Structure formats: structure tokens, C-alpha cells
Amino acid sequence: MSLLDSLVEALRVLPGVGPKSAQRMAYQLLQRDRDGAAQLAATLTRCLTELQHCERCNTFSETDICDRCADLSRDEAQLCVVEMPADLAVMESSLAYHGLYYVLMGRVSPLDGIGPRELKLDKLLARATDGKVQEVILATNFTNEGEATAHYVGEMLRARGLRVSRIARGVPVGGELEHTDLGTIAQAFVERRGV
């Protein structure tokens, strides 16, 4: 296999990147942006050698304890469980939550060979039962795998006497009913609240 073919194959490991997209990326980096390619390679190498998992929340960090977990202004009584670091970033962007997090780094997905053991839920359990956490908020995605993960984690934590809640779902803010899928509308009715 040529070096160019190896680069194309390496780019295909990215989610959503097929053979043609990977080929276009490779040509762009090699022909039009060699400085960008060098910077990408150097940064990726640094990330692979210097990033680790935070000992408390399991997200990526340059230190043993990430800045968010070290922030004393955050509410230690709440622990929000998300699937991936990208989900944590979205939750933080909402500015609606000021507690701490735990990142599973995946979700239960039997078809992909990922069960509770692969998610290392014992680490989550230790974190949630540290004596400070009073509520665990499950913020996994609303996919079949995310729902299964939330159910499994919720049952595991409730069995330890913890209060567990799940983020709500429904019609998006600013959304119009005629453009909302039927499943979302049905769930919005189920999870309605008083005004």
C-alpha cells in the first residue's frame, strides 16, 4: 500500500468519512495545506501522548484532575452522566447546569460488543457513592443504546440508594409542531408538566 493510500485509510477512521471524503482530505492536506497537515500531525501526536482520563469524571484531561472537577464553585451534590466528551461540551454550552460530570466514553451497545463491563461502570459507581453526590442526572442520548444505558445505570445507582433523574425530552425551544416528528410530540405529552 502506498503512503497516499495509507493516509486515505487513516482518515477513514473518522466518523462519517468515507473513501471519497478521505481522499479529498488527503489531497487538500498534501497539495494545498502542508503547514496545516504538519500542525494536525504534531497536535495529534501530542494529544496521544499527553492526554489522559480525569480521575474523577473520566473525560480527557492534561492533568490527573481536570479543571472542571477542580473548580470549587461547582455543585458537588449533582453528577450528570453523559456518553461522550462532546455531550459534556453541549451540556456546558447550555449554561443550565453547574454540577459535576461523569463521562462514560460510550454506551451499552450489544451489537457492537459493548456491555456494562466495557464501560467500566464500577468507576462511575465509586464516583457516585463518594458521599457528596445526592442526585445523578442521566443525560445519555435518546437512542435505543442511550436508553438502555440510562436504564442500566439508573437501576444500578437506585439500588445503592441514590436519587436518579433523567433529562426530559420534547418539542425543542422555538420548534413548530408541524415540523416536529411524531415520536417527539408523543414524548412531550407523556413528560408534560403543570404550569
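If you filter the stretch 8-58 down to residues that are part of a loop (DSSP other than H, G, I, E, B) and more than 30 Å from residue 81 (Cα to Cα), you find that the one that is most open to solvent (accessible area, probe 1.4 Å) is 33.
Specify which of the listed residues (48, 95, 72) is over 16 Å from the mean Cα position of the chain (by Cα), within 25 Å of residue 10 (Cβ to Cβ) and hydrophobic (A, V, I, L, M, F, W, C). Write out each step before concluding.
Numbers: 95 fails: within 25 Å of residue 10 (Cβ to Cβ); 72 fails: within 25 Å of residue 10 (Cβ to Cβ).
From the options 48, 95, 72, the qualifying one is 48.
Annotation: residue 119 fulfils all but one of (1) more than 21 Å from residue 54 (Cβ to Cβ); (2) under 15 Å from the mean Cα position of the chain (by Cα); (3) without any contact (Cβ under 8 Å) to a residue 40 or more places away in the chain; the unmet one is (1).
Checked against the criterion of being out of contact with any helix residue (DSSP H, G or I) (no Cβ under 7 Å at 6 or more places or on another chain), farther than 21 Å from residue 84 by Cβ and open to solvent by less than 60 Å² (accessible area, probe 1.4 Å), the stretch 138-160 has no qualifying residue.
Can you work out which of the residues in the stretch 59-96 that are in contact (Cβ under 8 Å) with a residue 40 or more places away in the chain and of a type outside the set (Val, Ile, Thr) is surrounded by the fewest Cβ atoms within 10 Å (Cβ to Cβ)? Break it down stepwise before answering.
Going through the stretch 59-96, the residues in contact (Cβ under 8 Å) with a residue 40 or more places away in the chain turn out to be 59, 76-83, 87, 91.
Going one step further and asking which of them are of a type outside the set (Val, Ile, Thr), we end up with 76-80, 83, 87, 91.
On the way: 76: 14, 77: 12, 78: 19, 79: 26, 80: 22, 83: 22, 87: 19, 91: 18.
So the residue we want is 77.
The values are calculated or read from the model by the stated rules, or taken from the named source; none is laboratory data. Keep in mind it's a predicted model, so treat the numbers as computed, not measured. Using ideal geometry, Cβ is built from the backbone for each residue, glycine included, and neighbour counts are taken over all protein chains shown. Accessible surface is based on the protein model in full, side chains and every heavy atom, while ligands, DNA and RNA are left aside. Shrake-Rupley method; radii C 1.70, N 1.55, O 1.52, S 1.80 Å.
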